[in-house]
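To keep things clear, I will list the structure first and then write my remarks on it.
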Protein chains: 2
Amino acid sequence: MLPPKRLSAADYAAGVLAGSRTVLGRAITLVESTLPADQALAEEVLQAVLPHTGHSLRVGITGVPGVGKSTFIEALGRYLVEHRGKKLAVLAVDPSSQRGGGSILGDKTRMPWLAAHPAAFIRPSPAGGSLGGVARATREALLLCEAAGHDVIFVETVGVGQSETTVHGMVDFFLLLLLAGAGDELQGLKRGIMEMADALCITKADEGNEPAARRARIDYQSALHLFPPPPSGQPQPVLLTSAVRGTGLAEVWAVVEAYATATQQSGYFQQRRQQQQLQWLHQSIAQALEARFYADAAVQARLPTVQQAVAAGRLTPFAAATELLALSGGARVTTTP
Amino acid sequence: MLPPKRLSAADYAAGVLAGSRTVLGRAITLVESTLPADQALAEEVLQAVLPHTGHSLRVGITGVPGVGKSTFIEALGRYLVEHRGKKLAVLAVDPSSQRGGGSILGDKTRMPWLAAHPAAFIRPSPAGGSLGGVARATREALLLCEAAGHDVIFVETVGVGQSETTVHGMVDFFLLLLLAGAGDELQGLKRGIMEMADALCITKADEGNEPAARRARIDYQSALHLFPPPPSGQPQPVLLTSAVRGTGLAEVWAVVEAYATATQQSGYFQQRRQQQQLQWLHQSIAQALEARFYADAAVQARLPTVQQAVAAGRLTPFAAATELLALSGGARVTTTP
């Protein structure tokens with residue numbers, strides 16, 4: 001087999017906009033690359049397709065391993081493709097994807113129906129790298145999928161660590177999957193994630209599990225009223241689904257669409273997207289500045305000693321910061337008025 | 001009146017360690033100063049007293065305006081001083097303190113008993129400045145108060161915005177005050193704050209309000225079981241107090257002490273403090289790097305245009321970051337593997 005022809009930025013953009021799955025896949029590989037030449041080319045491609053992005057509904061889906069995330073996504077995705085005529089892309093953010101252990105598996109066999117359907121495009125999490133790197137690649141993959149004509153983008157993540165905040169920062173609607181009566185799974189959930197969710201969904205509400213699922217729904221509905229309301233001004237519903245039976249999926253999608261309509265009318269939808277863009281800008285800058293600082297040889301040589309002194313309470317963090325910043329020839333630590 | 005004599009770092013340290021309220025007050029003014037000479041002197045003072053810090057219990061107290069925070073602090077503080085023989089300092093973090101509107105009032109008249117008692121030291125929030133600046137001053141004031149022999153430090157904040165996360169990052173125990181049945185107050189609370197709290201406390205559980213307070217307690221207790229448990233491994237109790245009647249205060253303090261004992265035994269207490277120190281170090285560095293970057297003349301000239309293009313979706317945040325970083329002669333944005 002011949003190696004794939006090297007494409008220009010214009011080739012990539014044209015292929016993506018024409019909806020070519022092959023070119024879309026290669027363009028995503030390009031934005032995932034850490035080679036400077038690839039990154040420059042990727043930026044050109046993104047800039048070219050940017051006017052054709054932004055029209056999809058971006059939905060974050062999270063939940064701890066065992067909650068049935070793959071099965072849920074397969075079932076909801078199939079409903080959208082078969083019954084609603086949607087073109088769907090499924091992306092993932094999972095910084096642990098190279099390490100196993102609670103990670104989202106990269107293979108497409110966990111969503112066999114979607115993987116085989118031409119209206120669905122599945123891309124596993126970029127492997128390895130920092131959360132910042134994975135997040136950037138996924139945000140840019142999302143834009144490419146929109147340019148390729150996908151109406152709905154799912155961004156999947158595991159319900160632990162910082163990856164939720166990252167995914168929450170790139171989607172319009174954030175859905176948290178839970179199991180009924182499974183106290184143990186809560187141990188694994190990041191605190192604060194409940195209040196980040198635009199809706200909760202109790203999965204596996206079938207077989208002998210149904211009464212427990214209904215009770216859990218009532219409990220969560222009451223509990224959420226005791227917590228601060230979402231900034232969207234929208235209700236935070238608790239839904240029941242059974243991926244096996246295919247029940248509840250239309251209801252989930254009705255909630256997502258009602259949310260989108262209401263927040264588009266109120267202006268919150270557009271405002272949230274703008275804030276996400278600006279946050280991404282400022283986070284990119286902060287990450288670059290910190291990456292340069294911690295890569296400085298003098299800082300690297302001194303950092304372990306200073307960190308130890310700070311952790312042991314022998315040096316104030318502020319004095320330590322001043323010392324390290326002086327080493328890097330860098331910024332003065334000062335309290336700006 | 002003669003102006004106060006200028007003190008050396010050794011004078012400050014000796015005065016603070018001897019428990020002089022006057023010198024403690026002046027040392028806090030010094031750490032609040034934004035003058036480089038004062039900051040250098042402040043660092044010397046802090047370094048000198050550092051071995052005498054760390055022995056107090058640091059308690060964060062938050063709640064929206066109207067919840068009765070001042071009255072609660074006055075009542076709990078009085079209990080600690082009168083009945084438990086504690087020496088107490090009350091600090092505050094309120095970046096809005098210069099602007100009024102939901103801010104913590106600076107005057108001591110809202111805690112008249114504590115203000116008049118020699119075993120209590122009250123210091124209002126440093127006025128104005130960024131949250132970062134206010135946070136630094138308060139963290140350093142906390143160390144000075146410990147060196148001056150205070151056994152308990154309250155750090156008070158308003159229940160909105162980012163100041164909670166900041167206070168949560170400098171205390172051992174975080175207490176959230178709530179009103180019974182006051183749905184409106186929840187509107188003002190920051191989302192996620194419930195799950196940050198080590199205990200909830202329903203205030204004003206007196207007069208006709210008692211039945212509602214008891215119901216609210218049961219509701220919150222049930223609700224918290226549906227949320228991920230605290231990383232401390234400790235229960236997250238819901239307490240009832242009446243500052244007017246003086247009830248529930250001993251119970252609140254028993255919870256704080258039981259928490260401290262249990263987490264000191266498990267090692268979580270020490271671990272949390274170490275993490276806080278290291279976070280403070282890395283935040284100080286990040287803030288200094290970003291402050292320098294955004295102060296750059298070329299960046300300032302270009303930023304508004306770039307931000308507008310990003311918010312409007314005409315430029316990717318990553319491309320915008322690359323452009324701004326190039327202007328500052330600064331770090332390359334790159335995805336580190």
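The heavy atoms of B:Ile218 offer some 100 square angstrom of accessible surface to a 1.4 angstrom probe. Accessible-area rank, largest first, for B:Val252, B:Val244: B:Val244, B:Val252, with all protein chains present and a 1.4 angstrom probe. Of all lysines in the structure, the ones whose alpha carbon falls short of 30 Å from that of A:Lys86, not counting any fewer than 8 places away in one chain, are A:Lys69, A:Lys108, A:Lys204.
Amide H contacts of B:Leu57 (H built 1.01 Å from N, in plane; Pro and chain starts excluded): B:Val152, B:Ile153 sit under 5 Å, all sequence-distant by 5 or more or on other chains. Computed extension length for B:Thr261-B:His55: 72.8 nm, one decimal, from 0.36 nm per residue of separation with the Cα-Cα distance subtracted. Solvent exposure of chain A amounts to 41 Å² per residue of accessible area, where only protein heavy atoms count and the probe is 1.4 Å. A:Gly161: net charge of surrounding residues, Cβ under 11 Å, Lys/Arg +1, Asp/Glu -1, itself excluded? Spelling it out: positives minus negatives among the neighbours equals -1. Contact order, relative form, for chain B: 16 percent (alpha carbon pairs under 8 Å, 6 or more residues apart, mean separation divided by residue count). With bins 10 Å wide beginning at 0, the percent of Cα pairs of segment A:54-266 falling in each bin runs 8, 36, 40, 15, 1. The Rg/Rh ratio of segment A:8-62, with Rg taken over Cα atoms and Rh as the Kirkwood radius over Cα pairs, comes to 1.00. Other protein chain C-beta atoms within 10 Å of residue C-beta, averaged over B:221-232: 5. Put simply, chains A and B cover up around 6500 Å² of each other's accessible surface, both sides summed, when a 1.4 Å probe is used. Measuring nothing but protein heavy atoms, the accessible surface of segment A:1-52 at 1.4 Å probe radius is 66 percent carbon and sulfur. The mean count of C-beta atoms from other chains within 10 Å of the C-beta of residues in A:270-282, rounded to a whole number, is 4. Dipole magnitude for chain A: about 220 debye, using +1 per Lys or Arg Cβ and -1 per Asp or Glu Cβ, origin at the Cα centre. Projecting the Cα atoms of B:Gly25, B:Ala10, B:Thr53 onto the charge dipole of segment B:1-72 (Cβ charges, centred on the Cα centre) puts B:Gly25 farthest toward the positive pole. Once backbone amide H atoms are built at 1.01 Å from N, B:Phe121 has B:Leu88, B:Ala89, B:Val90 as its partners under 5 Å, excluding neighbours fewer than 5 places away on the same chain. Once you divide the Cα radius of gyration of the protein assembly as shown by 2.2 N^0.38 Å, the number left is 1.03. For the peptide A:317-327, the mean number of other protein chain Cβ atoms found within 10 angstrom of a residue's Cβ is 6. Placing unit charges on each Cβ (+1 for Lys and Arg, -1 for Asp and Glu) gives segment B:54-266 a dipole about its Cα centre, and among B:Ala120, B:Gln236, B:Ala223 the Cα reaching farthest toward its positive end belongs to B:Ala120. For chain A, with a Gaussian network of springs between Cα atoms less than 10 Å apart, report the residue from A:Phe121, A:Phe227, A:Phe173 with the top mean-square fluctuation. Its mean-square fluctuation being the largest, the pick is A:Phe227.
A cut-off of 5 Å between modelled amide H atoms, ignoring neighbours fewer than 5 places along the same chain, links A:Phe174 with A:Gly60, A:Asp198, A:Ala199.
Long hydrophobic helices in chain B, taken as whole DSSP H segments with a C-alpha length of 18 Å or more on their own axis and mean Kyte-Doolittle hydropathy at least -0.5: B:36-49, B:69-84, B:131-147, B:249-266, B:297-311.
The values are calculated or read from the model by the stated rules, or taken from the named source; none is laboratory data. These figures come from a predicted structure and were not determined experimentally. Glycine also receives a Cβ, built like all others from the backbone with ideal geometry; neighbour counts cover every protein chain displayed. These area figures cover heavy atoms from the full protein model, side chains too; ligands, DNA and RNA do not enter into them. Shrake-Rupley method; radii C 1.70, N 1.55, O 1.52, S 1.80 Å.
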